[in-house]
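First up is the structure itself, then whatever we jot down about it.
The values are calculated or read from the model by the stated rules, or taken from the named source; none is laboratory data. Here the structure is a predicted model, which is why all the values come from computation and not from measurement. Neighbour counts run over all protein chains shown; Cβ positions are idealised from the backbone, glycine included. With ligands, DNA and RNA removed, areas are computed over all heavy atoms of the protein, side chains included. Shrake-Rupley method; radii C 1.70, N 1.55, O 1.52, S 1.80 Å.
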Amino acid sequence: MTAAQFRDAILRHLTYALGKDPEHAQVQDWRMALSLAVRDQIVDSWFAATRKSYAEQAKRVYYLSMEFLIGRLLEDGIVNLRLVDQARGALEELGQDYDTVLADEPDAALGNGGLGRLAACFLESLSTLGCPAYGYGLRYEHGLFRQSFKDGRQIEAPETWLLQQHAWEFERPEARFRLGFGGTVDVKGETATWSPAEFVEAEAYDTPIVGWKGRWANTLRLWSAKAVDPFDLDSFNRGDFAGAAEPEALARTISRVLYPDDTTGPGKELRLKQEYFLTASALRDILRRFDSEYDDLGLLPSKVAIQLNDTHPAIAGPELVRLLLDERGMGFEDAMATAQACLSYTNHTLLPEALESWGEDLFGKLLPRHLQIVDRIDDAHAKANPSRKVSARADGQVKMGELSFIMAHKVNGVSALHSGLMTTTVFEELHRLHPDRILNQTNGVTPRRWLLSCNPRLSSLITDTIGSGWVDDLEQLKGLESHVDDAEWLARYAAAKHDNKAELAAWMAETQGVTVDPAMMFDVQIKRLHEYKRQHLNILEAIAHWQEIKANPDVGWTPRVKIFAGKAAPGYFFAKDIIRLINDVSEVINADEETRHLLQVVFLPNYNVTLAERLIPAADLSEQISTAGKEASGTGNMKFALNGALTVGTLDGANVEIREQVGSENFFLFGMTADEVDARRAIDGHAAKAIANDTRLKSALEAIETGLFSPDEPTRYANIVENLTGPDYFLVTTDFTDYWRAQREVDSAYGDQDAWMRMAALNTARSGWFSSDRTIRGYMGDIWNARSLLED
Ligand code: F58
């Protein structure tokens with residue numbers, strides 16, 4: 001497609017699809033017109049892919065996830081179709097600025113963090129690899145809340161991505177399923193008839209996800225909840241207008257809001273409804289598609305692979321058994337074996353409080369037949385494993401981790417360390433009973449978005465150096481290694497990083513009113529706020545660093561700006577206190593004329609995918625400082641390394657593999673190992689001991705405790721201080737001393753810019769392993785037994 005053809009297509013859409021005269025069109029009209037022109041191109045490969053999947057009777061992969069953190073889609077589409085120059089040229093001819101038009105698109109924030117972003121990277125890689133696949137999720141009207149700060153405190157506001165026109169989805173009013181909740185069960189022998197008390201309808205919205213070079217496109221199908229009878233005419237006729245609209249409002253609640261990480265009380269019931277709503281709609285859709293091609297349910301496992309993204313869709317086990325048993329006439333044993341052969345489960349956390357379980361009263365109230373089936377599954381498992389102690393139903397709870405494990409033929413962790421820990425902690429017994437079930441698939445990220453598109457400067461240098469094959473074969477980055485000792489090449493690498501930093505600094509000045517010097521080291525920690533991720537360790541070190549600079553101003557400090565971004569779950573008060581502390585510290589430190597050229601702290605509001613795309617290419621230092629054993633993998637850590645930021649990190653999650661890949665000499669390691677953590681925690685008074693041994697730590701804590709950063713309310717952070725000086729479960733104080741040491745090594749390494757850039761370039765060159773294409777190939781081969789339909 002030429003720029004001229006593209007221009008004509010944009011004008012056609014602007015005029016006939018949007019009904020706008022170019023003379024009066026606003027930026028969002030141009031953005032919509034451009035998106036529709038791009039979408040046309042995607043639809044062609046989408047249809048071709050669908051036809052081919054049917055023609056070849058291929059096995060399909062179904063990725064069930066409560067979250068798809070896709071961010072913006074326009075640039076992704078343009079980049080993958082390799083239409084960047086044409087789109088730029090076409091808009092220029094039309095008098096529009098390409099970057100402004102792209103920046104108008106809202107982020108689709110249908111996820112909390114890494115788990116949701118991983119699902120989005122996986123969809124893109126599935127398309128790039130030509131593996132027939134569907135993502136199934138919920139079409140939340142409101143994604144993750146919008147974050148702002150008031151007096152340093154996090155303020156949450158609803159996110160409203162659908163207020164603006166959305167170019168990518170196709171509403172499918174004909175693709176609807178009616179789903180039930182509650183009611184009664186009439187058991188007759190093996191099978192039963194469930195008569196739900198309440199119904200809701202699921203309507204599909206499809207978004208095509210195009211792979212690299214537009215060779216294949218899969219579908220992201222999101223479900224939206226609608227009332228069975230949207231409008232109560234009797235109420236309306238009585239003049240009860242609010243009552244007339246109630247059925248619709250109640251039903252829509254199910255897909256109204258993405259759950260943040262703080263589910264309690266009445267919220268839990270809605271969350272379980274959401275999970276069933278997603279899963280039951282997806283399974284009906286999967287069986288409908290299967291029925292359109294085959295009439296032998298025995299073929300199901302050879303045609304259908306269903307991946308459970310964490311336990312959130314774990315009800316798929318009992319639901320699939322129920323559909324096969326009660327509605328399709330299969331015997332229980334066959335139904336269970338068939339379901340197991342189709343299902344597999346990915347675990348994303350070992351934190352006990354994050355493993356889902358449901359009170360059996362609630363579960364039985366909403367899903368009475370499923371509770372019976374859980375018991376049958378449990379009985380069958382107990383019978384086959386007479387020695388077992390674990391069960392899917394225990395202590396009045398339905399345990400979704402155990403249920404998922406039992407119902408899956410494969411269970412995977414997301415980094416080597418995490419998968420190993422699964423076998424010795426949460427799933428120890430189940431692993432002993434089923435030693436072949438757990439396997440590892442280390443996470444990855446899509447290089448199209450996380451290098452090619454977010455970092456055009458570095459991408460061009462790479463392509464100039466080794467050609468463009470790296471884009472879908474990331475291991476080719478190894479070819480850069482032979483250039484890192486070439487001073488001229490390294491200077492180009494350094495220039496790309498410098499220009500990315502200058503661009504970020506300009507953006508921060510313009511939009512945040514913060515001035516930072518691009519010559520300073522950009523030290524970045526961006527991720528959900530959580531005690532285990534230890535943003536408070538980072539800010540404690542910043543305080544100590546500031547105090548030390550003040551005490552010894554003339555020892556040649558390396559200038560650094562610490563950049564934070566991330567959201568705290570609205571009900572996680574400790575995490576919100578950490579945000580406020582960072583903002584308070586930032587205010588004091590940044591106002592210090594003596595030190596501000598050497599140390600600044602910035603907390604950028606409203607972290608999302610787009611902000612990550614801005615920050616990662618400009619980072620020098622990547623903070624991956626979780627308590628060892630707690631971060632399942634991390635994926636931000638991979639994006640940073642790929643874009644040439646050096647990591648200061650613990651031996652946790654995928655950091656271990658990053659360090660192995662890039663070389664220990666190009667990674668700043670500190671802290672306890674996962675094995676040491678438990679022993680240390682068992683020591684009485686471990687925090688007091690750590691503090692007594694480190695005067696810097698002691699004085700940083702004192703500064704907080706005495707209200708240096710909150711003079712109007714000196715006790716504001718009493719809670720944080722009490723925690724850190726008392727239980728300190730995440731061992732911030734123990735790891736502080738070694739973290740300080742590592743940070744000073746970082747300082748001196750950064751002082752030698754040539755050596756630093758060489759290390760940065762080696763990080764890029766050796767990050768090929770962290771492509772989500774590699775991860776998806778692993779799933780296809782080891783878990784799904786699925787194949788690519790692309791011909792090379
Ligand atoms: C993340 N989990 C892990 N959960 O923390 C991270 O180590 C890993 O790299 C990533 O998954 C991908 O495997 C995660 O993001 C959530 O966001 C939960 C979703 C449900 C509500 C509670 C948070």
Expressed in nanometres to one decimal, the distance between label points 7 Å along Cα→Cβ at Thr253 and Thr706 is 5.2
Computed lengthening from Asp44 to Arg328, 0.36 nm per intervening residue step minus Cα-Cα distance: 98.6 nm
Which number comes out as Rg/Rh for segment 10-149 once both Rg and the Kirkwood Rh are worked out on C-alpha atoms? 1.01
Net charge near Lys501: determine it from the other residues with C-beta under 13 Å of the C-beta of Lys501, scoring Lys and Arg +1 and Asp and Glu -1. -1
Determine which aspartates and glutamates satisfy two conditions relative to Lys698: a Cα distance under 15 Å, and not lying fewer than 8 residues away in the same chain. Glu541, Glu548, Glu722, Asp728, Asp735, Asp738
When we measure straight from the Cα of Lys59, which aspartates and glutamates land under 13 angstrom away, once same-chain ones fewer than 8 places off are left out? Glu293
Answer check: segment 387-446, Cα atoms, Kirkwood Rh, Rg/Rh ratio of 1.01
For Leu362 and Arg51, what is the calculated FRET efficiency with R₀ set at 60 Å and r taken between the beta-carbons, to the nearest 0.05? 0.85
In 10 Å bins starting at zero, report the fraction of Cα pairs in segment 611-769 per bin as a rounded %. 11, 33, 31, 21, 4, 0
The chain: angle of helix 753-765 to the longest principal axis, Cα-based, in degrees nearest 10: 10
Stokes-Einstein D in µm²/s, Kirkwood radius over Cα pairs - the chain at 10 °C with 1.306 mPa s viscosity: 57
Binned Cα-Cα distances of segment 377-479, short to long, each 10 Å bin given as a whole percent: 13, 32, 17, 15, 15, 8, 0
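Which number comes out as Rg/Rh for segment 303-352 once both Rg and the Kirkwood Rh are worked out on C-alpha atoms?
Computed over Cα atoms, the ratio is 1.05.
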Of Lys399/Lys639; Lys188/Lys365; Lys410/Lys639; Lys501/Lys527, those spanning more than 22 Å from alpha-carbon to alpha-carbon: Lys399/Lys639; Lys410/Lys639
Per the Kirkwood formula on distinct C-alpha pairs, the Rh of segment 542-622 is how many angstrom? 14.1
Any idea what angle helix 265-293 forms with the longest principal axis of the chain, computed on alpha-carbon atoms, 0 to 90 degrees, nearest 10? 60
Quick one: the Cα spread of segment 247-317 along its three principal axes, in angstroms, biggest first? 43, 29, 14
When the label point is put 7 Å from the Cα of Arg376 along its Cα-to-beta-carbon vector, which residues of segment 301-315 have a backbone N closer than 19 Å? 301, 314-315
Selection from Tyr779, Met757, Ser767, by position along the positive dipole direction of segment 752-792 (Cβ): Tyr779
About its Cα centre, how strong a charge dipole does segment 666-718 have in debye, to the nearest 20, once Lys and Arg get +1 and Asp and Glu get -1 at the Cβ? 120
Only Lys, Arg, Asp and Glu count, each charged at its Cβ (+1, +1, -1, -1), so figure out the dipole size of segment 98-255 about its Cα centre, rounded to 20 debye. 560
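Quick check on packing: order 246-257, 445-456, 609-620 by the mean number of other C-beta atoms within 10 Å, highest mean leading.
In decreasing order of mean packing, 246-257, 445-456, 609-620 become 445-456, 609-620, 246-257.
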Send over a whole-number figure in Å² for the accessible area per residue of the chain, probe 1.4 Å. 37
Under the Debye formula (equal points on every Cα, no solvent term), log10 I(q)/I(0) of segment 99-160 at q = 0.15 Å⁻¹: -0.67
Which lysines have a Cα less than 18 Å from the Cα of Lys226, not counting those fewer than 8 places away in the same chain? Lys273
Over all alpha-carbon pairs of segment 514-649, lay out the pair-distance distribution in 10 Å bins, whole %, shortest bin first. 12, 43, 36, 9, 0
Taking 0.36 nm per residue of separation and subtracting the Cα-Cα distance, what length does fully extending Asn385 through Ile683 add? 103.5 nm
Hand me the GluC sites (Glu not before Pro) from segment 147-220 located in a DSSP loop with no more than 15 other Cβ atoms within 10 Å, in residue order please. Glu190
Put +1 on the Cβ of each Lys and Arg and -1 on the Cβ of each Asp and Glu in the chain; which of Ala175, Ser710, Leu451 then has its Cα farthest toward the positive end of the dipole? Ala175
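Suppose every Lys and Arg Cβ carries +1 and every Asp and Glu Cβ carries -1, with no other charges. What dipole size does the chain come out with about its Cα centre, to the nearest 20 debye?
It works out to roughly 1240 debye.
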Mind checking the log10 I(q)/I(0) for segment 105-204 at q = 0.13, 0.15, 0.19, 0.22 Å⁻¹? Debye, one equal scatterer per Cα, no solvent, two decimals. -0.77, -0.92, -1.11, -1.23
With the calculation restricted to Cα positions, what are the radius of gyration and Dmax of segment 511-577 in angstrom? 14.3, 44
When the Cα centres of segment 360-425 and segment 554-572 are compared, how far apart do they sit, in Å? 40
Roughly speaking, what is the centre-to-centre gap between segment 130-209 and segment 1-73 when only Cα atoms are used, to the nearest Å? 22
Volume per residue of the C-alpha convex hull in segment 420-475, rounded to whole Å³: 109
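Mind ordering 94-106, 379-391, 621-633 by average Cβ neighbours within 10 Å, highest first? If you can, show how the numbers build up before the last one.
Details: 94-106: 16.7, 379-391: 13.6, 621-633: 26.2.
Sorting 94-106, 379-391, 621-633 by mean packing, highest first, produces 621-633, 94-106, 379-391.
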Report the net charge of residues surrounding Phe241, where surrounding means a beta-carbon distance below 14 angstrom and charges are Lys +1, Arg +1, Asp -1, Glu -1. -4
Rounded to a whole %, the carbon-and-sulfur portion of the accessible area of the chain at a 1.4 Å probe is 50
The helix 84-93 Cα axis meets the longest alpha-carbon principal axis of the chain at an angle in degrees, between 0 and 90 and rounded to 10, of 80
Extension gain Arg432-Thr100, at 0.36 nm per residue separation less the Cα-Cα distance, in nm? 113.9 nm
For a protection proxy built on the mean count of beta-carbon atoms within 10 angstrom, sort 698-710, 596-608, 475-487 highest first, please. 596-608, 698-710, 475-487
Starting from one equal scatterer on each C-alpha and no solvent at all, send me the Debye-based log10 I(q)/I(0) for segment 410-535 at q = 0.10, 0.17, 0.22 Å⁻¹, two decimals. -0.57, -1.03, -1.22
Under a plain spin-label model, where a point goes 7 Å from the Cα along Cα-to-Cβ, how far apart in nm are Asp296 and Glu510? 6.3
